[in-house]
Number of protein chains: 2
Amino acid sequence: MPSERNTDVQELADAVRRGSPRAVARLISLAEDAAAVPGRGGVLRHVMAALAVGASGPSRARVIGLTGAPGVGKSTTTNMLIAGLRGRGHRVGVLAVDPSSPFTGGALLGDRVRMRDHGTDPDVFIRSMSSRGRLGGLAWAAPQALRVLAAAGYDVILLETVGVGQIEVDIARLADTTVVLLAPGMGDDVQTAKAGILEIADVFVVNKADHDGAQATIRELRRMTSLAKGPWRPPTVPTVATRGDGADDLLTALDDHAAHLEKSGEDHRRRLTRAREEIENAALAQLRSRFTDLHGDRLDALARQLLTGEVDLYTAADDIIATILRIRPEINRF
Amino acid sequence: MPSERNTDVQELADAVRRGSPRAVARLISLAEDAAAVPGRGGVLRHVMAALAVGASGPSRARVIGLTGAPGVGKSTTTNMLIAGLRGRGHRVGVLAVDPSSPFTGGALLGDRVRMRDHGTDPDVFIRSMSSRGRLGGLAWAAPQALRVLAAAGYDVILLETVGVGQIEVDIARLADTTVVLLAPGMGDDVQTAKAGILEIADVFVVNKADHDGAQATIRELRRMTSLAKGPWRPPTVPTVATRGDGADDLLTALDDHAAHLEKSGEDHRRRLTRAREEIENAALAQLRSRFTDLHGDRLDALARQLLTGEVDLYTAADDIIATILRIRPEINRF
């Protein structure tokens, strides 16, 4: 590493530790860049290393995932939660992740604007991330952003995702507690969602609980969760987030789940699983950048042979792996 | 490879080449399994190799992607296209890919039922695939399924995806021609979709063209595409798929695009890019299975150190890569 960079790296790490919003924003942008363009992560890697050293253990922030279909009121609920958590003295980070970008860029921007209630509060940091580059980029960049926010002293992080597809499920896995939001009469009702929803929800929120059909939705969720196996039965909390109704009940449900996680040891197991996945993803990202950087020509030649039927896919993949395995590991490549 | 397997492999490859629907279905299931459970791809890899050898070049089938939000009428449009293509004497494969599974499993099943118009036609093969395992599984399994269908003699393959998120964009990239479907008054209108839609659409279909607001949607799309740079300006085709209206216009638009691809050389470029990505994905999938199979313990230890702050993410990833690089490549691992 060139010595002139050392100053930058140490300064940026220090600024993040002091909680500078500008430094936090810059580091998250570096993580997005590195996910989109392999080989761009030089500074990022050194700052992240500097942040890890001497930390009392990274990711000690509590991460609360919020997910649900568009229109259920995720942003108003996030707003309500920010207010409740600030009232308890927490510093709150909000990371809004949009896997379906660029297609819903407009909608997300609108959401951000609505959250500006807290825009002038120095103890609230709000940031959205989108999938700029290839598939899998977010799965790599989002945990980095969580680490940055944790290092900056945000002790509760709200991780908001747009839908309930596969990517959202993967992102939700980054959370300690996942809140699934539903609203009455949304079409994507309990029956439709049933198949996979129990697997990821730790807490259900039925927002717009003053609307027609809310009671039926709540009843159905409670019936469904009463059948849940395992030590934790997800509670269903009715809210009217635009009025702040149900905020206390939601905070209580989150506390209950946090207590359960710690008591059962599930807390540690989840963090360990996530750490494994993060390491795996970082290693794969690094290997992927080797493919393109070092073996573009070889890959081109194999792609041509695959098209003409001279090689099959597996033989081509073996060839690329063999080429990579002959390279010695290099530091600072990523 | 054990010799008793050779017979199986050759038989399955031959059955696929003869166009046996049962053999095609079995091989696609093997691809799904291999994507979901690393290390399960033994038979698959040998059959795929057998199919590649002596082929006149794989993937010579024409792949037409169909994408759009739920409710725009993708299945009825697919139905209409199948009828039109059968009328021209093509053998048609349909691959419906659902990246958001398990959450929309119900809806997709309904779609499949509607497509049963062609269920008794031996020259139509319909199959859905979902993301059973980890993120990225579909990106790996879908091209395998396309190869299988091409080897079985389906000369046009309709690749249907549910939405227009990032995974769908990646899947759409597998198509020679991508059709983006819109319907009037869907909320996800042209303006919202604008940001990224031009990048993937080769042909626009405005379905339900007899509904209110259809003319406005068509006008807006045509205005938008008239500004498109580059040699191909995506046409906008109005359809009423339930009645078969617009089928001929849509087939003509697809023919025009095919002619453009071939004339411009874009055809070859797209296929080459896809081949590169397939090889990369196959190599990464193989490396990923090495992580978990051979280095589970090392990964666990590093995950613990990451949690306590003893190592940072990048150092941990370097360690895993170094461990992998010390292993000699093995054949038949994947």
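The values are calculated or read from the model by the stated rules, or taken from the named source; none is laboratory data. This one's a predicted model, so the numbers in the text were calculated from it and none came from an experiment. Every residue, glycine as well, gets a Cβ built from its backbone with ideal geometry; the counts of neighbours run over all protein chains shown.
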Checklist entry - Within region A:18-29, is there a residue that is surrounded by 22 or more Cβ atoms within 10 Å (Cβ to Cβ), within 14 Å of another protein chain (Cβ to nearest Cβ) and either at pLDDT 85 or above or assigned to a helix (DSSP H, G or I) (or both)? => result yes
Next on the checklist: Any residue at all in region B:257-269 that's within 14 Å of chain A (Cβ to nearest Cβ) and either of a type in the set (D, E, K, R) or touching a strand residue (DSSP E or B) at 6+ places or on another chain (Cβ under 8 Å) (or both)?
Outcome noted: yes
Item to check | Boolean, residue A:267 is under 22 Å from residue A:155 (Cβ atoms), modelled with pLDDT of 90 or more and part of a helix (DSSP H, G or I) | outcome: no
Item to check | residue B:276 being within 17 Å of residue B:202 (Cα to Cα), surrounded by 15 or more Cβ atoms within 10 Å (Cβ to Cβ) and at pLDDT below 90 | outcome: no
Item to check | Number of the condition not met by residue A:297 [criteria: (1) more than 14 Å from chain B (Cβ to nearest Cβ); (2) modelled with pLDDT of 80 or more; (3) surrounded by fewer than 20 Cβ atoms within 10 Å (Cβ to Cβ); (4) out of contact with any Lys or Arg (no Cβ under 8 Å at 6 or more places or on another chain)] | outcome: (1)
Next on the checklist: Which count do you get for residues in region A:215-249 that are surrounded by 20 or more Cβ atoms within 10 Å (Cβ to Cβ) and modelled with pLDDT under 90?
Outcome noted: 2
Next on the checklist: I need the full set of residues from region A:300-318 which are surrounded by fewer than 17 Cβ atoms within 10 Å (Cβ to Cβ) and not in a helix (DSSP H, G or I), in order please.
Outcome noted: A:310
